[in-house]
Amino acid sequence: MKKSASILALLPALLLLPSCAGALLSAQPVNQVNQTQISDASANAPFSYEPYAAVLNAYVDQKGFVDYPGLQANRQQLDQFNDSLATVTSATYDSWPEAEQIAFWINAYNSLTLKSIVNESPIKESIKDIVGVWRIKQHAVLADGKALTLNNIEHDVLRVDFNEPRIHVAINCASFSCPDLLNEPYTAAKLDVQLDEQTNRFLSNPKGLRIDRETNTVYLSKIFDWFGEDWKATYSVESGFTGNQNEKAVLNFISGYLNADDKAYLEAGNYKVKYMNYDWSLNDQS
């Protein structure tokens, strides 16, 4: 894992991915944060997810759909939690174990995405209708850090500082084809279990994986195409499966969550891989 210096000194970059985020802009200095808040957060007190947990419990259902109008009308706890992200100092962050750091960034990404949706009036039909939502709009995260975009959190922190491709089933882009938004915060103590459960949840849904034996085609979420390289470090294989090296690594990862028959089918490699169209419709409860 890299030190938080990589977060505090983000360089201008251009991310050439056909993903939900696109090009990155350099982070700008964070706005001044209340020093009393910083002191309180740094006094060995554990970082609290209670306000965020209350939001998820009240406005996110078991299927991961969100009551955005309800949240927009009662957003105090969401704003409280998002404000608290900027009270964590880099020293405090560096003292955390890796699982706690990953949980922090996943929760930050998801809560700031909720903020981005409810900031719009009227609420947009798709997150893609919000100009600059990933590349331009900046958020204060870490008291002595830089203001970060959602792109920065995903592509400059989570995908760079950690070898954990399961983040892609945890971060939520407020769209129908995204992995479902978990209706509880991610925590260090439960992170591995939560990520495994989310992986199973995504792959058991046709929007994540569909095996068509009649046409010998395996349909995958576009997420596995956009970010396939993230699975190579841990799941690369020299034999079996099909496709390029990214696809083989992804299929090897997926096979570990399937029953014996489907796992054997993927390992045999006698099929085509196709990526499903991505539905950017808002993941609202209506």
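The values are calculated or read from the model by the stated rules, or taken from the named source; none is laboratory data. Nothing here was measured: the structure is a model prediction, and the numbers come from that model. Reconstructed Cβ throughout: ideal geometry from the backbone, glycine too, with neighbour counts over all protein chains shown.
Structure notes:
- Residues satisfying the stated conditions in the stretch 140-157, i.e. under 22 Å from F227 (Cβ atoms) and either surrounded by fewer than 23 Cβ atoms within 10 Å (Cβ to Cβ) or without any contact (Cβ under 8 Å) to a residue 12 or more places away in the chain (or both): H155, D156
- From the options R213, R201, residue that is more than 14 Å from the chain's Cα centre (by Cα), surrounded by fewer than 20 Cβ atoms within 10 Å (Cβ to Cβ) and more than 16 Å from Q62 (Cβ to Cβ): R213
- Sole exception among (1) in contact (Cβ under 8 Å) with a residue 40 or more places away in the chain; (2) within 19 Å of the chain's Cα centre (by Cα); (3) buried (at least 21 other Cβ atoms within 10 Å of the Cβ) for V218, by number: (2)
- Lone qualifier among A108, A91 - being touching a Leu at 6+ places or on another chain (Cβ under 6 Å) and either assigned to a helix (DSSP H, G or I) or not acidic (D, E) (or both): A108
- The residues on offer are A170, A188, and the sole one that is touching a Pro at 6+ places or on another chain (Cβ under 8 Å), over 26 Å from D67 (Cα atoms) and touching a residue at least 24 places away in the same chain (Cβ under 8 Å) is A188.
- Matching residues, the stretch 222-263, being part of a loop (DSSP other than H, G, I, E, B) and within 18 Å of L158 (Cβ to Cβ): F227
- Answer from I102, I123 - the residue that is in contact (Cβ under 8 Å) with a residue 24 or more places away in the chain and outside any loop (DSSP other than H, G, I, E, B): I102
- Note on the stretch 55-78: residues that are over 19 Å from C173 (Cβ atoms) and surrounded by 15 or more Cβ atoms within 10 Å (Cβ to Cβ) total 3.
- Candidate set: the stretch 158-175, residues that are in a loop (DSSP other than H, G, I, E, B) and aliphatic (A, V, I, L, M); chosen: the one surrounded by the fewest Cβ atoms within 10 Å (Cβ to Cβ): I171
- Residues (in contact with a helix residue (DSSP H, G or I) (Cβ under 7 Å, 6 or more places away or on another chain) and of a type in the set (G, A, S)) located in the stretch 167-218: A170, A174, S175, A188, G208
- Residue match in the stretch 198-207 (condition: farther than 30 Å from Y68 by Cα, modelled with pLDDT of 95 or more, of a type outside the set (S, T, Y) and not assigned by TED's automatic domain parsing to the domain that holds Y109): no
- Every residue from the stretch 264-285 that is in a loop (DSSP other than H, G, I, E, B) and without any contact (Cβ under 8 Å) to a residue 40 or more places away in the chain: G269
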